[in-house]
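Take a look at the structure set out below.
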Amino acid sequence: MIRNAEKNILLLNEARVQALEDLDKILSEKEALQTDLNNLEMKLAETDARIKVTAREKIHVELLENQLEKLKNEMASNRFLGEKHDLHDNEEKLNLDSVTLGAKNSPLAQELSTLHKENMLLKDDIQNLKAKLDDVKETEQRVLMLEKERSILEISLKELESKLAIAQEDVSKLSAVKSDCKALSEKVESLQGLLDQATKQAERAVTVLHHNHELQRKVDLLEASLQQANADKFSSEKALKYNELLEQKVKLLEERLQISDEEINSHIHMYQESVKEFQDIVDKLKEEIKKKSLEETMDDMPLEFWSRLLLTIDGLLLEKKISLNDASSLREMTWKKDNLIRDAYLACKGKVDNENLSSFLKLALSRPSSGLNIVHIAAEMAPIAKVGGLGDVVSGLGKALQMKGHLVEIILPKYDCMQYDRICDLKVLDVALQSYFDGQMFKNQIWVGTVEGLPVYFIEPHHPAKFFWRGQVYGEHDDFKRFSYFSHAALELLYQSGKKPNIIHCHDWHTAFVAPLYWDIYATRGFNSARICFTCHNFEYQGVTSASELASCGLDVHHLHRPDRMQDNSAHDKVNPIKGAIVYSNIVTTVSPTYAQEVRTTEGGRGLQETLNFHSKKFVGILNGIDTDAWNPSTDTFLKVQYSPDDLLGKTQNKKALRKDLNLSTSEAFRPLVGCITRLVPQKGVHLIRHAIYRTLELGGQFVLLGSSPVPHIQREFEGIANHFQSDPHVRLLLKFDEALSHTIYAATDMLIIPSLFEPCGLTQMIAMRYGSVPIVRSTGGLNDSVFDIDDDSVPSQFRNGFKFTRPDEQGLSEAMERAFNYYFRSRESWQQLVQKVMRMDFGWDASAAQYEELYEKAVARARASKNL
């Protein structure tokens, strides 16, 4: 990393030197042009003087002509013959003056002609001078751009130097750690050496001890001999001398034995000290390991584990292998992440069958739960079946509520076009779920699996129409039948599984049938534990159809086709599923506070404003969030380089990489890159998107569009624009959907255009800010609730994060874009601070989930209070 940093610093220094050389060259050219300009100015002054002299001569000629005319008039008025002589004299005088005048006019005309030619030449010189002045201005602009590039290079150099300093600090820290490790290793080696040395000394001491024992035995023999000699009373001198010699040897041996014992005791003591020190180190290490193991949490199982366990319990219940009471108890234990059920499940090696079922059931205990049981019934879920923002809400809100300690479950249709590789542990249950439709009972297979830690139930109808084997989620001629069938089957699954959810949350018109089905059919059967929450993500789509179609799913048409229930407010012969959900649900929400206000007006309500105003007490707007784990530039694997608010170098590198991949010009690194990621439909303001392309070029930027249109004439129009700019170095239109490319565009762009005519919530602006792309949006719906204008003094500065316009026209968009570009070019440091600020803003699901949690708990509390009355 240090070598790369040094290499980058060297390259930056070379670029800086080159820029200075270019600057010197430009300044010398500027001085030469200034000299030419001074010469031309002198010539122009001389020409002006000559023109003034010529003008004076011309005035003199005009005076003479006037005198001549006056004399002619006097001659015409003279009627007396006596004056003919004088007239003759006057004529002669006049002729003389005329000759004089002609003589004077002849060189004057020539001089005028010469001056005229010189004047024309001067005009040409002036035109050339103007052209050179334009070149000078362009040169000055180039100088300014070079100055900017030099400042950018200096900033980059400073950043690299700071990173180099940090890297050097890291290296020094690493060196310190290495030295510590080396010292510790040396200490261990020293201890091992001491231990080996003590062992050898102990072995030598044992050998010496054996030798001493042998000497002691010999001494004993000698003493015995001495005693024998005394007994025999040797009296000879030789015997006495021999006795003295033996005594000396004995004394010497005793001294040597004492010294040897002392050495042995010393070595043994050292050995014991070494062993004790080594044992202390080992004990200390064991204590640290034990302490770390105790600090680790006992429950380290991922959410997928608990979801899989929950699905296993529900599968056992549906297959009638366990009772409803046992299932409820086990579900509560799973819900609370009880260690007992975890250990039992692991003991069964993650598989509960007939052999170990009895031991598993012994864990069934009745314990109260502190959270809510929330079931989402929806047509979409990201990432396995995602068409729009609905899929993101179902998974994002579900995970956020799960993290708050609630039991969250999802019920989806089993589409043939799902991303099955994103589903964990998908399996079919050995149960046939029967549900009603069109006067008959149809079989449904139930599949279970986990998606990003959430337990999901998939319903696969065995219906001859093959409702969900169409290759797409929406857009079929019989969508009303498909999703009314699914809504009924989902409630039947909850009813037959014996679940007692606190909240059933349905979404958009596709599952709006759940609300009237629940209260008109299932509540009368005793399945009435839940409160219904309905969220409409876009009131543009209401699923209005003929009233007779409602009977297929088992609802009473005569009972519901009324103005106060499901009858459409505009087409009275039709029914409106959205209206039915508004009437029958306990909680009604939409996806932003501003959109909740807009849909209660005639312009925004799409015919439902009266119904919404009538039920306004239970209607609220909650701004959606985004999945901050999925949309995280510091971990995003789709990016060339990951980055964060504290290190924006990666964003610059992603910008460079995208330009290279799309064959856009890279000559001006600081040129702003504007992006647009959208579906090209009228709601998104396609005429404003088209205008933004051309206005970006006029303002000196580059533009990238990613998206396609289901509307044929809009798709053709943008294909024509794409062909027009096919070889342009600053515009690229990619008329498709590409998830990986969308991540790259968010990371590479400086600004993102979202000029929607209306926008219920919008996640694009939140994702853009997460990746440091500053949004330019229209003040509508969720855009108005999440983007606050940089120049709005009524908003605290810490919340200002983009540029907004109100009028849905080209002028309004142009003004916002001009303000954004001016802010960008004004100060690179200010723009970088803005990018860091928007990246640090929290658009996760925690705040939104807390609002839903409050609504859920109030609805459940009201339900419990009404039961106690």
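The values are calculated or read from the model by the stated rules, or taken from the named source; none is laboratory data. Computed from a predicted structure; not experimentally measured. Ideal geometry is used to build each Cβ from the backbone, glycine not excepted, and the neighbour counts take in all protein chains shown. Areas reflect the complete protein model, heavy atoms only, side chains present, ligands, DNA and RNA absent. Shrake-Rupley method; radii C 1.70, N 1.55, O 1.52, S 1.80 Å.
Residues are listed down the side, and each one gets a yes or a no for (1) modelled with pLDDT of 65 or more; (2) part of a helix (DSSP H, G or I); (3) small (Gly, Ala, Ser); (4) open to solvent by 50 Å² or more (accessible area, probe 1.4 Å):
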position	(1), (2), (3), (4)
147	yes, yes, no, yes
173	no, yes, no, yes
183	no, yes, yes, yes
189	yes, yes, no, yes
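Among the candidates 852, 824, 856, the residue that is surrounded by 14 or more Cβ atoms within 10 Å (Cβ to Cβ), assigned to a helix (DSSP H, G or I) and touching a Phe, Trp or Tyr at 6+ places or on another chain (Cβ under 7 Å) is uniquely 824. Scanning segment 502-514 for residues that are hydrophobic (A, V, I, L, M, F, W, C) and outside any strand (DSSP E or B), we see that the one that is most open to solvent (accessible area, probe 1.4 Å) is 509.
Being over 24 Å from residue 643 (Cβ atoms) and open to solvent by 10 Å² or more (accessible area, probe 1.4 Å): is that true of residue 778 here? So residue 778 fits the description; yes. Output the residues belonging to segment 656-669 that are touching a helix residue (DSSP H, G or I) at 6+ places or on another chain (Cβ under 9 Å), open to solvent by less than 30 Å² (accessible area, probe 1.4 Å) and either over 10 Å from residue 702 (Cα atoms) or in a strand (DSSP E or B) (or both). Once the filter is applied, which keeps residues that are touching a helix residue (DSSP H, G or I) at 6+ places or on another chain (Cβ under 9 Å), open to solvent by less than 30 Å² (accessible area, probe 1.4 Å) and either over 10 Å from residue 702 (Cα atoms) or in a strand (DSSP E or B) (or both), segment 656-669 yields 657, 658. If I filter segment 459-479 for residues that are crowded, with 17+ Cβ neighbours inside 10 Å and under 22 Å from residue 327 (Cα atoms), do I get at least one hit? Looking for residues that are crowded, with 17+ Cβ neighbours inside 10 Å and under 22 Å from residue 327 (Cα atoms), one finds at least one in segment 459-479, hence yes.
For residue 717, the conditions (1) under 25 Å from residue 834 (Cα atoms); (2) in contact with a Ser or Thr (Cβ under 9 Å, 6 or more places away or on another chain); (3) part of a helix (DSSP H, G or I) are fulfilled apart from (1). When segment 795-816 is filtered for residues that are crowded, with 17+ Cβ neighbours inside 10 Å and part of a loop (DSSP other than H, G, I, E, B), the ones remaining, listed by number, are 800, 801, 808.
One line per residue, one yes/no per condition, for (1) open to solvent by less than 30 Å² (accessible area, probe 1.4 Å); (2) touching a Gly at 6+ places or on another chain (Cβ under 7 Å); (3) modelled with pLDDT under 75:
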| residue | (1), (2), (3) |
| --- | --- |
| 350 | no, no, yes |
| 355 | no, no, yes |
| 362 | no, no, yes |
| 381 | yes, yes, no |
| 390 | yes, no, no |
| 395 | yes, no, no |
| 398 | yes, no, no |
| 406 | yes, yes, no |
| 423 | yes, yes, no |
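One residue alone among 785, 792 is farther than 16 Å from residue 695 by Cβ and in a helix (DSSP H, G or I), and that residue is 785.
Inside segment 418-463, residues that are touching a residue at least 24 places away in the same chain (Cβ under 8 Å), not aromatic (Phe, Trp, Tyr) and not in a strand (DSSP E or B) make up a count of 8. Whenever a residue of segment 708-722 is within 15 Å of residue 737 (Cβ to Cβ), its partners that are among the basic types (Lys, Arg) and open to solvent by 40 Å² or more (accessible area, probe 1.4 Å), lying with C-beta atoms within less than 6 angstrom and at least six residues away or across chains, give the pairs 708/736.
Restricting attention to segment 517-556, the residues that are in contact with a strand residue (DSSP E or B) (Cβ under 8 Å, 6 or more places away or on another chain) and not charged (D, E, K, R) total 18. Within segment 562-593, being closer than 22 Å to residue 394 by Cβ and not hydrophobic (A, V, I, L, M, F, W, C) holds for 577, 580, 584, 585, 586, 589, 590, 592, 593. In summary, residue 493 fulfils each of the numbered conditions (1) under 23 Å from residue 434 (Cβ atoms); (2) assigned to a strand (DSSP E or B) with the single exception of condition (2).
The rows are residues; the columns are (1) part of a loop (DSSP other than H, G, I, E, B); (2) within 20 Å of residue 391 (Cα to Cα); (3) open to solvent by 10 Å² or more (accessible area, probe 1.4 Å); (4) modelled with pLDDT of 95 or more.
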residue	(1), (2), (3), (4)
683	no, yes, yes, no
688	no, no, no, yes
694	no, no, yes, yes
697	no, no, yes, yes
710	yes, yes, yes, no
727	yes, no, yes, no
736	yes, yes, yes, no
741	no, yes, yes, yes
762	yes, yes, yes, no
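Taken together, the residues in segment 491-501 that are in contact with a helix residue (DSSP H, G or I) (Cβ under 7 Å, 6 or more places away or on another chain) and open to solvent by less than 10 Å² (accessible area, probe 1.4 Å) amount to 3.
Between 445, 402, the distinction of being surrounded by fewer than 18 Cβ atoms within 10 Å (Cβ to Cβ), touching a Leu at 6+ places or on another chain (Cβ under 8 Å) and at pLDDT 90 or above belongs to 445 only.
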